[in-house]
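Student: Provided herewith is a single structure, encoded as structure tokens, for subsequent inquiry.
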Amino acid sequence: MNGHDASDTTDGALLGYLTDADREYLLAQGVRRRFRANDVVLMEGDPSDHVHVLVSGWVRVSTIVEDGREVLFGLRGPGEVLGELAAINGWTRTVSCRAIEPCHVVQLTGDRFLAALRARPEIAIATIKTVAVRLRAAESARVDSAAFDVSRRVAVHLVRLADEHGRTVPEGILIEAALSQADIAGQVGAARRTVARSLSVLRDRGIIETGRRRILVRRMRVLRALARSEPNGTQRP
């Protein structure tokens, strides 16, 4: 687990804010665990306070609403921390995290995580920055929470476009098509505003870039994993 590179982390990730020394110190406080695709990493309502630092792989963050539907809140990628609020505040889990592809994490007990924050103030500051990034994202997502569920349908559509019309470039897979957000909305059965927010979610995570008459898929592996993922771990036939 030593030698984790900050360049491998997603934007706003805890490990990306740390120096090499602080990063290695934090990772040394826990034990390595692996999760398979569709494994539950954290379960909503669980009273446990352990923390996971995501070293590789991506997870989906979701909650179950009153009518039993799973609502997808977002995605977490390499370098991000899961479950830190339970450790800091003693709360039960407010969301579930499920792997959308094989993941490696370092798991720390709540006590070890808090001890690391006290021993290394820069880790505490980095944690605050991470929470701030999420709060800002939550504020912008609040106007259309359905966008995260639509994100999976958009991912399925983009994977199909990439397979049928994409061409490989150094940065990823380039889709050059005169498709508007309204076109995509019609094809995935969602409102244009919701599709716009879904594309924003994928852009914010560094999975795609969009431009006039073009979409660049930068993380095709992640996009495919999201397209395959289903609520509650069910699989497409």
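The values are calculated or read from the model by the stated rules, or taken from the named source; none is laboratory data. Only a predicted model underlies this, so the values are computations on that prediction, with no experimental measurement involved. Note that we place each Cβ from the backbone using ideal geometry, even for glycine, and neighbour counts take in every protein chain shown. Accessible surface is based on the protein model in full, side chains and every heavy atom, while ligands, DNA and RNA are left aside. Shrake-Rupley method; radii C 1.70, N 1.55, O 1.52, S 1.80 Å.
Student: Counting only residues 5 or more places away or on other chains, whose amide H sits under 5 Å from the amide H of Ile208 once H atoms are built in the peptide plane?
Tutor: Answer set, sorted by chain and number: Arg203, Arg218.
Student: How much net charge surrounds Cys97 when only other residues with a Cβ under 11 Å from its Cβ are counted (Lys, Arg +1; Asp, Glu -1)?
Tutor: With Lys, Arg at +1 and Asp, Glu at -1, the neighbours total 0.
Student: Which angle between 0 and 90 degrees, to the nearest 10, do you get for helix 110-119 versus the longest principal axis of the chain when only C-alpha atoms count?
Tutor: For helix 110-119, the angle is close to 80 degrees.
Student: Taking a probe of 1.4 Å, how large is the accessible area per residue of the range 32-96, in Å²?
Tutor: For the range 32-96, the solvent-accessible area averages 44 Å² per residue.
Student: With the contact rule set at Cα under 8 Å and sequence spacing of 6 or more, what percent relative contact order holds for the chain?
Tutor: Contact order relative to length: 21 percent.
Student: Report the convex hull volume per residue for the range 175-231, counting only C-alpha atoms, in Å³.
Tutor: 90
Student: Using a 10 Å cut-off on Cβ atoms, rank the peptides 14-26, 30-42 from the highest mean neighbour count down.
Tutor: Averaged packing, sorted descending, gives the order 14-26, 30-42.
Student: What's the carbon and sulfur percent of the chain's accessible surface, probe 1.4 angstrom, rounded to a whole number?
Tutor: 50
Student: Tally Lys/Arg at +1 and Asp/Glu at -1 over every other residue whose Cβ is under 11 Å from the Cβ of Gln187; what's the total?
Tutor: +1
Student: Can you give me the long-range amide H partners of Ala191? Hydrogens built in the peptide plane at 1.01 Å from N, cutoff under 5 Å, separation of 5 or more residues or another chain.
Tutor: none
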